[in-house]
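Structure first, commentary second.
The values are calculated or read from the model by the stated rules, or taken from the named source; none is laboratory data. Everything numeric in this text was worked out from a predicted model, so none of it was measured. Methodologically, a virtual Cβ is constructed for each residue, glycine included, from the backbone with ideal geometry; neighbour enumeration extends over all protein chains shown. Accessible surface is based on the protein model in full, side chains and every heavy atom, while ligands, DNA and RNA are left aside. Shrake-Rupley method; radii C 1.70, N 1.55, O 1.52, S 1.80 Å.
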Amino acid sequence: MFDTTYHRAASVADAAETAAKADDAAYLSGGQTLLPTMKQRLASPSDLVDLSQIAEMQGISVAGDTVTIGAGTPHADVAGSTDVQNAIPALAALAGNIGDPAVRARGTLGGSIANNDPAADYPAACLGLNATIVTNTRELAAADFFEGLFETALEEGEIVTAVRFPVPSRAAYAKFPNPASRYAMAGVMVAQTGDGVRVAVTGAGNDGVFRHEAMEAALGTNWSADALADVSTDADDMLSDMHGSAEYRAHLVGVMAKRAVESA
Amino acid sequence: MTKISMTVNDKAVSRDVPDNTLLVEFIRENLRLTGTHVGCDTSQCGACVVHVDGKAIKSCTTLAASVDGATVTTVEGLANGKELHPVQQAFKDNHGLQCGFCTPGMIMSATDMIARYQASGEELTEAAIRHELEGNICRCTGYHNIVKSIQDAAAKMANA
C-alpha cells in the first residue's frame, strides 16, 4: 500500500472539509473494498478520511412506512436489527448474506453503494425497494444514483449519509453467490411497492444494477413464479467473464427471480 | 506517523506507526504477537481474524489507525494462564487442525460465532457453523473436525 495520511472525521461537515483540503482524498468507511484495492495499488489516495466514527451516520430507525439506515451502519447490524427484520425482512436477509461474518462486521451500507460494484447486493435492494439516497448535499432516488459499473451520481467530495427504504407490501431477494468471493453472479430483488412491482437485478448486467421491466410487467398482472416462465433476459445486456457466460447469467437471472417471488 | 493506542489482550499498548499500517501488521510486527496469521492478504482466508470491541474482523483489511482506542483480543489473549479456552481445548480434543496455519483465525471466528448464537438464543447447528465459516479457509482438514470442534466447544460453553 502506498503512503497515505489518515484523518478521523468527527462529523459529516468535518469529513467534507478535510477531504476538500486534501490533494486526492478518499472516504474510508468499513474499508472492505477500499483497503484491498489500495493494497493492490489500484488506488492511492493521498488522504483517507475515516467516516466510521461519525455518530450521525450510524443507526437504524423506523418511522411510519420508512426504514432509515445510517450510511455507516455495518451489514451485521442491518441483518441483526429486529426493526429491519420486522419491517423489511428481505433487506435484513440480504444484508446477512453479504460476504462473510467478518466482512459484515466492518462493511457498511454507504460504502457499498458509493462503490457500486456491479456484483454487490445493496444496489439491488436500493433500486428494487425504490430507496432514497441521502447525501450531505441532497437526496436522490436510487434510479438516479446508480450510473453503471462502479459509477454513481456522487459529486467529488459528496458523502452518502443515509438511505431511506419505503416498506414494501412484500419483497424477497435471491442470489446465486460466486462460491469463492460470495459476490452475486446474479441477485434479484422483487418487491410489491406503492410504486407497483419492482424487479432489480445485480451481478449479471453489463452496466451494473438494472430494473427488469419485462419481469415487472409480468409480475404486475400475475404475482407468481409461473408468470416469469415466458419472460426472457437478453444475454447481450449481461456480463461475461471466467465465472460465467452472458447466456449463463441471463438464465440465472430468471431462476433467481422465480426463487425470489416464491419466497416473498 | 500516527500514535496508536489500544488495549490488546487486556494490556494497554501504544506505538508510533505509519498511517498505512494494517491492524495485522501492528499486531505482528509492532506488538510481536505472531499468533495472528496472514494467509491470503486479500480478505478471503480469515487466518488474520481478531476481535475488535467484541466483533470478529479481518485484521488484514483494517487500518490500525481506524481502530485507535479499541479493545482487541488476539488468539494469545484467549487462554487463562495455562488453562486453554474451551474453543482451543475443543480443537485439541477433536483434532480440529492439521498444519495449524488457519487455526488462530478459526478459533477467533468460532468464539465469536458461539458468543453471538448463545446471546441470541439461536441454535448453532452444523449447517449454521458451516455457513458462519464462509470467511475462514482451511486447506488441510476438509473442515469436518473443525466443525466438530466448534460443536463440542459450543455444547460445553452452553453447560458452563
Quiz item: Ordered by residue, what ³J(HN,Hα) values in Hz, to whole numbers, does the range B:59-69 give under the Karplus form 6.51 cos²θ - 1.76 cosθ + 1.60, where θ = phi - 60° and Gly and Pro are x?
Solution: 6, 7, 10, 9, 7, 4, 4, 6, 10, 4, x
Self-check item: Per-residue HN-Hα couplings for the range A:37-53 [Karplus 6.51, -1.76, 1.60; θ = phi - 60°; Hz; x = Gly/Pro]
Solution: 5, 5, 5, 7, 6, 8, 9, 9, x, 5, 9, 10, 10, 7, 8, 6, 9
Practice problem: Rank A:Glu56, A:Glu213, A:Glu155 by mean-square fluctuation in a GNM of chain A with C-alpha springs under 10 angstrom and give only the top-ranked residue. | Solution: A:Glu155
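Roughly speaking, to the nearest percent, how much of the range B:2-77's 1.4 Å accessible area is carbon and sulfur? The partial results should precede the final answer.
Values: 1230 of 2850 Å².
Summing carbon and sulfur atoms, their accessible area is 43 percent of the total for the range B:2-77.
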Exercise. Using Cα centres only, tell me the gap between the range B:12-29 and the range A:27-94 in whole Å.
Key: 25
Quiz item: What residues in the range A:26-74 lose 20 Å² or more of accessible surface when the other protein chains are added to their chain alone (1.4 Å probe)?
Solution: A:Gln32, A:Leu35, A:Pro36, A:Lys39
Quiz item: Counting only protein heavy atoms, what percent of the accessible surface of the range B:86-159 is carbon or sulfur at a 1.4 Å probe?
Solution: 53
Quiz item: B:Lys11: which lysines have alpha carbons under 21 Å from its alpha carbon, excluding same-chain residues fewer than 8 sequence positions away?
Solution: B:Lys3, B:Lys55, B:Lys58, B:Lys82
Practice problem: Report in % the part of the accessible area of chain A that belongs to carbon and sulfur, leaving out ligands and nucleic acids; probe 1.4 Å. | Solution: 46
Practice problem: Return the long-range amide H neighbours of B:Thr62 (sequence gap of 5 or more, or a different chain), with a cut-off of under 5 Å between placed amide H atoms. | Solution: B:Leu23, B:Val24
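Dipole of the range A:170-263, Cα-centred, from +1 at each Lys and Arg C-beta and -1 at each Asp and Glu C-beta, to the nearest 20 debye?
Working: 8 positive and 12 negative charges, 102 e Å.
The dipole magnitude comes to about 500 debye.
If one takes the accessible area of chain A alone plus chain B alone and subtracts that of the pair, with a 1.4 Å probe, what total in Å², rounded to the nearest 100, results?
Values: alone 11870 and 8330 Å², together 18140 Å².
Chain pair A/B: roughly 2100 Å² of buried accessible area.
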Practice problem: Just the number, please: percent antiparallel of the DSSP beta bridges in the range A:186-232, rounded to the nearest 5. | Solution: 90
Quiz item: Just counting partner chain Cβ atoms within 10 Å, what average do the residues of peptide B:62-71 show around their Cβ?
Solution: 5
Quiz item: Quick one: of the DSSP bridges fully inside the range B:2-77, what percent are antiparallel, nearest 5?
Solution: 90
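Measuring with a 1.4 Å probe in the full set of protein chains, what accessible area per residue, in whole Å², belongs to the range B:2-77? All intermediate terms of the calculation are to be shown ahead of the outcome.
Details: 2850 Å² over 76 residues.
Computed with neighbouring chains in place, this is 37 Å² per residue.
Write down the accessible area per residue of the range A:5-50 in Å², having rolled a 1.4 Å probe over the full set of protein chains. Walk me through the numbers before you get to the answer.
Working: 2110 Å² over 46 residues.
Solvent-accessible surface per residue comes out at 46 Å².
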Practice problem: Give the accessible surface of the range A:170-263 per residue, rounded to a whole number of Å², with probe radius 1.4 Å and ligands, DNA and RNA excluded. | Solution: 45
Quiz item: What list of ³J(HN,Hα) values in whole Hz, one per residue of the range A:166-172 in order, does the Karplus curve 6.51 cos²θ - 1.76 cosθ + 1.60 (θ = phi - 60°) give from phi, with Gly and Pro shown as x?
Solution: x, 6, x, 6, 7, 6, 7
